[in-house]
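Undergrad: Handing you this structure, nothing more for now.
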Amino acid sequence: MKLILFGAPGAGKGTQASKIADRLGVPTISTGNIIREAIAAGTELGKKVKEYSNAGKLVPDEVVIGMLSERISRADCANGFILDGFPRTIAQAEALDALGVEIECALSLEVPDEDIERRMTGRRSCPACGETYHIIYNPPTSEGRCDKCSAELIRRADDAPETVQARLAVYHEQTEPVKAYYDAKGKLKTVDGRQAVEKVTEDAYAALGI
Ligand code: ADP
Ligand code: ADP
Ligand code: ZN
């Protein structure tokens, strides 16, 4: 199964992708995580994308499309994958089609802007495996440590309130039109992302029929 998890920054894409991926036994591909890993490793690619990411702007389409197509060509993607944070522009959605990728469903997590800042300021992320937590809504079992891999959790630089506002503006301007793109193909499904994590997961499973 090839799925897209769609939604505003902080809507819960990473949180739900992790659960759906475990259930289906397919990998989650988060372009945000790939970008952060490249920045942390100081690669050429990392240097190229750092400014964009830190400012809450989108990395240029050709760079992200290149990263994504390399990633989905690997063996672990043969039986499907979940895309978290891609496509974020119409050009990226078209590139996915041009690669011959047959998407079964684009699942959109609907969360209004006024809830987003609270989620971002409380978010804690695992720099090792990419799992995300929230200090109040979804805390790790052991404070400050990742449940999955025990690494020390961090606060992302771009989760500062002023950058969150910039990211929301980018989302409405450049990413939201991608919803209509999949709706026109009859592939869009929506879930109320304001509910508790477990209820969102339940609704996502129902929407996907898994
Ligand atoms: P969130 O999950 O909070 O929405 P991500 O981890 O998906 O954030 O993305 C973090 C940053 O990485 C974005 O603000 C952007 O700079 C960059 N990025 C991630 N995915 C893409 C993409 N598909 N196209 C362009 N930039 C991207
Ligand atoms: P995204 O990948 O869409 O940027 P995340 O999955 O990282 O979003 O979630 C953003 C923040 O909100 C994290 O701190 C996460 O623990 C928290 N969160 C995710 N889903 C919910 C939910 N249903 N209710 C409350 N908080 C949530
Ligand atoms: Zn981890």
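The values are calculated or read from the model by the stated rules, or taken from the named source; none is laboratory data. It should be emphasised that the depicted structure is a prediction, and the values quoted were computed from it without experimental measurement. Here Cβ is always computed from backbone atoms with ideal geometry, including for glycine, and neighbour counts include all displayed protein chains. When the accessible area is computed, the model is the full protein with side chains, heavy atoms only, and any ligands, DNA or RNA have been set aside. Shrake-Rupley method; radii C 1.70, N 1.55, O 1.52, S 1.80 Å.
Undergrad: Pairs LYS50/LYS199; LYS2/LYS185; LYS19/LYS189: which are spaced more than 26 Å apart, C-alpha to C-alpha?
TA: Distance filter (> 26 Å) returns LYS50/LYS199.
Undergrad: Once you keep just the Cα pairs under 8 angstrom separated by 6 or more residues, what percentage relative contact order results for the chain?
TA: Relative contact order here is 31 percent.
Undergrad: Can you give me the long-range amide H partners of PHE81? Hydrogens built in the peptide plane at 1.01 Å from N, cutoff under 5 Å, separation of 5 or more residues or another chain.
TA: Long-range HN contacts for PHE81: LYS2, LEU3.
Undergrad: Can you pull the accessible area of ARG145 for me, 1.4 Å probe, Å² to the nearest 10?
TA: Its accessible surface works out to 110 Å², give or take rounding.
Undergrad: Let me ask you something else. Mind running the shape call on segment 128-210? Use the C-alpha gyration tensor, a ≥ b ≥ c as the square roots of the eigenvalues: rounded below 1.5 for a/c, prolate if a/b tops b/c, oblate otherwise. Intermediate values should be presented prior to the final figure.
TA: Working: a/c = 2.46, a/b = 1.34, b/c = 1.83.
The shape class here is oblate.
Undergrad: Output wanted: per-residue J couplings in Hz (rounded whole) for segment 120-134, from phi through Karplus 6.51 cos²θ - 1.76 cosθ + 1.60, θ = phi - 60°, x for Gly and Pro.
TA: The phi angles translate into 6, 5, x, 6, 10, 10, 8, x, 8, 10, x, 4, 10, 9, 9 Hz.
Undergrad: Excluding residues fewer than 8 places away in the same chain, name every one of the lysines whose C-alpha is closer than 21 Å to that of LYS57.
TA: LYS13, LYS47, LYS48, LYS179
Undergrad: Next up: Mind listing the long-range amide H neighbours of GLY7? Cut-off is under 5 Å, sequence gap 5 or more, other chains count too, H placed in the peptide plane at 1.01 Å from N.
TA: LEU109
Undergrad: Additional query: Would you mind putting 174-181, 136-143, 30-37 in packing order, based on average other-beta-carbon counts within 10 Å, highest first?
TA: 30-37, 174-181, 136-143
Undergrad: So, one more: For a quick check of understanding: with a 1.4 angstrom probe and all protein chains in place, what accessible area in square angstrom does CYS149 have, to the nearest ten?
TA: Surface accessible to solvent at CYS149 totals approximately 60 Å².
Undergrad: Heavy atoms only, probe 1.4 angstrom, no DNA, RNA or ligands counted: give me HIS134, HIS172 ranked by accessible area, highest first.
TA: Order by accessible area, largest first: HIS172, HIS134.
Undergrad: To the nearest 0.05, what FRET efficiency results for LYS187 and SER142 with a Förster distance of 41 Å applied to their C-beta separation?
TA: 0.55
Undergrad: Right, something else. Taking θ as phi - 60°, what are the ³J(HN,Hα) couplings along segment 3-16 by the Karplus curve (6.51, -1.76, 1.60), each to the nearest whole Hz, with x for Gly and Pro?
TA: Ordered by residue, 3J(HN,Hα) equals 10, 10, 9, 10, x, 4, x, x, 5, x, 4, x, 4, 6 Hz.
Undergrad: Find how much the distance from LEU99 to ILE135 grows on full extension, using 0.36 nm per residue of separation minus their present alpha carbon separation; answer in nm with one decimal.
TA: On the way: separation 36, 0.36 × 36 = 12.96 nm, distance 3.92 nm.
My answer for the length gained is 9.0 nm.
Undergrad: Using DSSP, restrict attention to beta bridges with both residues in the chain and report what percent are antiparallel, rounded to the nearest 5.
TA: The antiparallel proportion sits near 25 percent.
Undergrad: Another one. Given axes a ≥ b ≥ c from the Cα gyration tensor, I'd like to know whether the chain is rounded (a/c under 1.5), prolate (a/b larger than b/c) or oblate.
TA: Taking the square roots of the gyration eigenvalues as a ≥ b ≥ c, the chain is rounded.
Undergrad: Moving on. Using Cα positions and a limit of under 14 Å, work out the aspartates and glutamates in reach of LYS148, with same-chain residues fewer than 8 apart set aside.
TA: ASP22, GLU131
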